[in-house]
Amino acid sequence: MLELKNVHKKFGETTVLKDVSLKVDKGDVVAILGPSGSGKTTFLRCAGYLNRADSGKLIIGDEEYDLKKIKGKDLLRYRSRVGFVFQSFNLYGNKTALGNVTLGLKVAQKMKKEDADKIGRKLLEKVGLSDRADFYPSKLSGGQQQRVAIARALATNPEVIFFDEPTSALDPELTGEVLNVIKELADEGVTMIVVTHEMEFARKVATKVVFMENGEIVEENNSKDFFEHPQKERTREFIYKSSTWAADAQYDGSGI
């Protein structure tokens with residue numbers, strides 16, 4: 001359904017991505033893990049064309065895009081097929097929750113206000129915010145703002161949604177409500193790529209887990225085998241140091 005091939009990116013003299021490739025099947029939930037500076041967010045932003053890659057291809061369905069050269073109608077076409085949820089919400093402060101969700105429908109798709117509002121209210125209900133439709137972001141908690149952002153990403157019915165550390169700006173209680181929404185989407189078969197530091201979420205919800213470091217994919221596998229039978233020593237070390245569940249289970253490198 002989605003394939004990224006040989007994505008390469010430099011910032012100045014620093015190489016951030018080294019020909020990274022990834023295949024995603026329809027209905028997959030891919031969790032991308034890695035230490036700070038590993039390149040995981042840059043990879044996601046290149047996939048969503050928020051950063052321009054220096055080279056690389058992206059295939060979605062039967063269409064192929066050059067991540068360095070895509071522009072104009074091709075770029076608009078691609079962006080209409082994907083959604084993006086940012087770690088800092090990126091809501092418009094001068095628009096209500098409903099206004100944020102429906103903006104793309106009204107502006108990009110030229111949908112009538114009443115039709116867009118109907119879709120928007122259904123999506124706010126879906127993320128548990130039907131009673132907050134007329135609230136502005138300043139009157140919403142961080143968790144509520146992120147759920148509005150998820151509803152906004154869903155509004156155009158994208159084929160895949162990219163999540164960039166969707167809970168990193170939230171305290172633990174609010175983190176849970178956002179992760180529950182993402183889990184519900186996973187249960188419905190929504191295709192997602194999630195850069196996250198939430199190890200329990202990756203273990204329980206992801207169908208595939210990718211571990212990145214130094215701009216490369218060190219290891220990828222289905223979630224069960226990734227956590228229970230990691231193949232690389234660096235992966236085992238990362239799981240041990242990063243996972244409270246692994247520490248609690250007294251992880252010894254041979255499985256949980």
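The values are calculated or read from the model by the stated rules, or taken from the named source; none is laboratory data. None of these values were measured; they are calculated from a predicted model. So basically every Cβ, Gly included, is an ideal-geometry build from the backbone, and we count neighbours across all protein chains shown.
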Fill in: Enumeration of residues in segment 97-132 that are closer than 18 Å to residue 143 by Cα, polar (S, T, N, Q) and surrounded by 21 or more Cβ atoms within 10 Å (Cβ to Cβ)
100
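Inside segment 67-89, can you point out the residues that are assigned to a loop (DSSP other than H, G, I, E, B) and over 15 Å from residue 3 (Cα atoms)?
Here is the first cut: in segment 67-89, the ones assigned to a loop (DSSP other than H, G, I, E, B) are 67-71, 80-81, 86-89.
Those that are assigned to a loop (DSSP other than H, G, I, E, B) and over 15 Å from residue 3 (Cα atoms): 68, 69, 70, 71, 80, 86, 87, 88, 89.
A quick yes/no check of all residues on (1) over 12 Å from the mean Cα position of the chain (by Cα); (2) in contact (Cβ under 8 Å) with a residue 24 or more places away in the chain; (3) within 21 Å of residue 25 (Cβ to Cβ):
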{"position": "130", "(1), (2), (3)": "yes, no, no"}
{"position": "133", "(1), (2), (3)": "yes, yes, no"}
{"position": "151", "(1), (2), (3)": "yes, yes, no"}
{"position": "161", "(1), (2), (3)": "no, yes, yes"}
{"position": "165", "(1), (2), (3)": "no, yes, no"}
{"position": "178", "(1), (2), (3)": "yes, yes, no"}
{"position": "190", "(1), (2), (3)": "no, yes, yes"}
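Being more than 20 Å from residue 44 (Cβ to Cβ), among the charged types (D, E, K, R) and in the same structural domain as residue 194 (by TED's automatic domain parsing): is that true of residue 125 here?
Numbers: more than 20 Å from residue 44 (Cβ to Cβ): yes; among the charged types (D, E, K, R): yes; in the same structural domain as residue 194 (by TED's automatic domain parsing): yes.
Criteria met by residue 125.
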Practice prompt. Output the strands (runs of 3 or more DSSP E) that fall wholly within segment 136-227 and possess 1 or more residues being assigned by TED's automatic domain parsing to the domain that holds residue 104 and crowded, with 23+ Cβ neighbours inside 10 Å, or say none.
Written response: 160-164, 192-195
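Looking at the structure I just gave you, is residue 206 among the hydrophobic types (A, V, I, L, M, F, W, C), more than 24 Å from residue 109 (Cβ to Cβ) and in contact (Cβ under 8 Å) with a residue 40 or more places away in the chain? Walk me through how you get there before you give the answer.
On the way: among the hydrophobic types (A, V, I, L, M, F, W, C): yes; more than 24 Å from residue 109 (Cβ to Cβ): yes; in contact (Cβ under 8 Å) with a residue 40 or more places away in the chain: yes.
Against the criterion (among the hydrophobic types (A, V, I, L, M, F, W, C), more than 24 Å from residue 109 (Cβ to Cβ) and in contact (Cβ under 8 Å) with a residue 40 or more places away in the chain), residue 206 qualifies.
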Discussion item. Condition (residue is among the small types (Gly, Ala, Ser) and at pLDDT 95 or above) applied to segment 3-13: is it met by at least one residue?
Written reply: no
Worksheet entry | Number of the exception - residue 202 against (1) of a type outside the set (S, T, N, Q); (2) at pLDDT 95 or above; (3) under 18 Å from residue 25 (Cβ atoms); (4) under 20 Å from the mean Cα position of the chain (by Cα) | (2)
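Please go through segment 180-211 and pick out each residue that is hydroxyl-bearing (Ser, Thr, Tyr) and closer than 18 Å to residue 87 by Cβ.
Here is the first cut: in segment 180-211, the residues hydroxyl-bearing (Ser, Thr, Tyr) are 191, 196, 207.
Selection gives 196 alone.
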